[in-house]
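Notes to accompany the following structure.
The values are calculated or read from the model by the stated rules, or taken from the named source; none is laboratory data. Worth saying up front: this structure is predicted, and the values here are computed from it rather than measured. A quick note on method: Cβ atoms are made from the backbone with ideal geometry, for glycine too, and the neighbour counts reach across all protein chains shown.
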Amino acid sequence: MRSAVAVVTAIGAAVCLTPLMAAPAVAADAVPSEVTIPAEQYALDDAATLISAGDSGVLGGTYQGAHRNYQSDFRWIPYADGAVRAIPHDHFHYQAIGTNSDYVGLYGNDATGNFLVELRDMRDGTSKTVYLPPYHRLGGAFSDTVMTATSASAPGGEGRYLLTAENGKTVTRRVTGFPDGAKLPLAPVYRNAKGVLSSYELEGAQHYFWLDSSAQARPIGLSATTEAVSTLLTGEKVVRLLKDGTVQVWGLTADTRPEREFHIASQKGDHLLGVLGEQALLARPISAASAAEKKAGVPGLIPQHTRW
């Protein structure tokens with residue numbers, strides 16, 4: 001599968017994806033309705049997906065099972081020079097966790113079977129390790145903080161937790177702020193470097209909450225819907241693309257209506273990468289490389305399931 005990055009709007013658009021690429025200077029009355037970025041400019045060698053983007057570079061790689069040799073599976077690509085650098089790791093660290101920062105999380109276990117996340121700072125090469133307590137399951141990470149979840153059968157009952165490494169030890173804090181009766185399944189998590197957006201269930205309905213390093217869950221007004229085909233947390237905004245082509249922009253607030261919304265000519269498989277005004281930046285599937293292209297070594301584009 002190949003995909004093109006396109007800016008789509010009802011009235012025209014200019015492209016902007018910073019810091020990965022510079023926006024071309026285009027007059028407001030002469031912008032195209034769609035911009036496609038050539039594959040060869042943003043192909044990642046031996047990497048199936050972009051996992052996360054930080055302030056100084058991006059994390060790419062593959063999610064694999066424990067039967068593979070992982071020494072070449074994860075990549076760090078600095079914005080400064082674009083050089084693809086392998087992230088060394090042993091077979092115990094088998095999954096890369098995006099943190100939307102310059103920390104790369106490597107999830108796995110030690111020789112005794114204890115689950116852990118090594119948080120490696122790609123700016124200076126230092127690292128610290130967070131160990132998951134018994135009954136905890138990994139729920140996500142942001143910056144150098146790991147979020148975990150426990151089920152109702154755990155000694156402390158159902159809960160969400162934030163784990164950090166401090167002075168060589170793992171510090172565990174239970175997340176508070178959920179309403180009485182809330183159920184806390186491991187729902188999809190959207191993150192930036194400051195926190196995560198996730199959800200809980202209450203009286204059969206899904207509700208979203210924002211969680212940062214305060215360990216205090218803050219319910220927000222974003223409504224749950226089965227019509228969403230792509231959701232993106234960008235800065236302090238939640239952007240959602242619906243099946244009918246409606247793009248909604250929500251704040252991380254208690255407001256129960258989006259701040260604004262607009263319509264685009266979307267296609268099946270479109271994946272949100274960002275917005276600029278009333279313009280949506282999308283990853284859009286295009287036809288697979290032909291046999292001649294493959295023989296000639298033409299690289300494929302970043303897959304449509306790329307996450308930022």
Exercise for the section: Among the candidates Ile87, Ile97, single out the residue that is buried (at least 19 other Cβ atoms within 10 Å of the Cβ), at pLDDT 85 or above, under 24 Å from Val146 (Cβ atoms) and over 18 Å from the mean Cα position of the chain (by Cα). Expected result: Ile87
Practice task
Taking the residues in the range 83-107 that are charged (D, E, K, R) and either in contact (Cβ under 8 Å) with a residue 24 or more places away in the chain or outside any loop (DSSP other than H, G, I, E, B) (or both) as candidates, determine which candidate is farthest from Arg123 (Cα to Cα).
Solution key: Arg85
Exercise for the section: Could you figure out which of (1) in a strand (DSSP E or B); (2) surrounded by 15 or more Cβ atoms within 10 Å (Cβ to Cβ); (3) not polar (S, T, N, Q) isn't true of Val171? Expected result: (2)
Problem - Residues of the range 237-259 classified as closer than 14 Å to Tyr208 by Cα and either of a type in the set (Phe, Trp, Tyr) or in a strand (DSSP E or B) (or both), total - result: 6
Problem - Residue list for the range 188-236, filter: within 14 Å of the chain's Cα centre (by Cα) and not in a loop (DSSP other than H, G, I, E, B) - result: Tyr190, Arg191, Gly195, Val196, Leu197, Ser198, Ser230, Thr231, Leu232, Leu233, Thr234
Problem - Pairs with Cβ under 9 Å, 6+ apart, first in the range 220-234 and of a type in the set (Val, Ile, Thr), second assigned to a loop (DSSP other than H, G, I, E, B) and surrounded by 15 or more Cβ atoms within 10 Å (Cβ to Cβ) - result: Ile220/Leu252; Val229/Ser266; Val229/Gly269; Val229/Asp270; Thr234/Asn192; Thr234/Trp308
Practice task
Go through Arg160, Arg137 for me and flag whichever is surrounded by fewer than 20 Cβ atoms within 10 Å (Cβ to Cβ), over 25 Å from Asp55 (Cβ atoms), touching a Leu at 6+ places or on another chain (Cβ under 9 Å) and not polar (S, T, N, Q).
Solution key: Arg137
Problem - Answer residue from the range 174-187, given it is in a loop (DSSP other than H, G, I, E, B) and touching an Asp or Glu at 6+ places or on another chain (Cβ under 9 Å) and is surrounded by the most Cβ atoms within 10 Å (Cβ to Cβ) among those - result: Leu184
Exercise for the section: State whether the residues of the range 194-202 include one that is at pLDDT 90 or above and of a type in the set (Lys, Arg). Expected result: yes
Completion exercise
Given (1) at pLDDT below 90; (2) in a loop (DSSP other than H, G, I, E, B), Ala152 misses just (1)
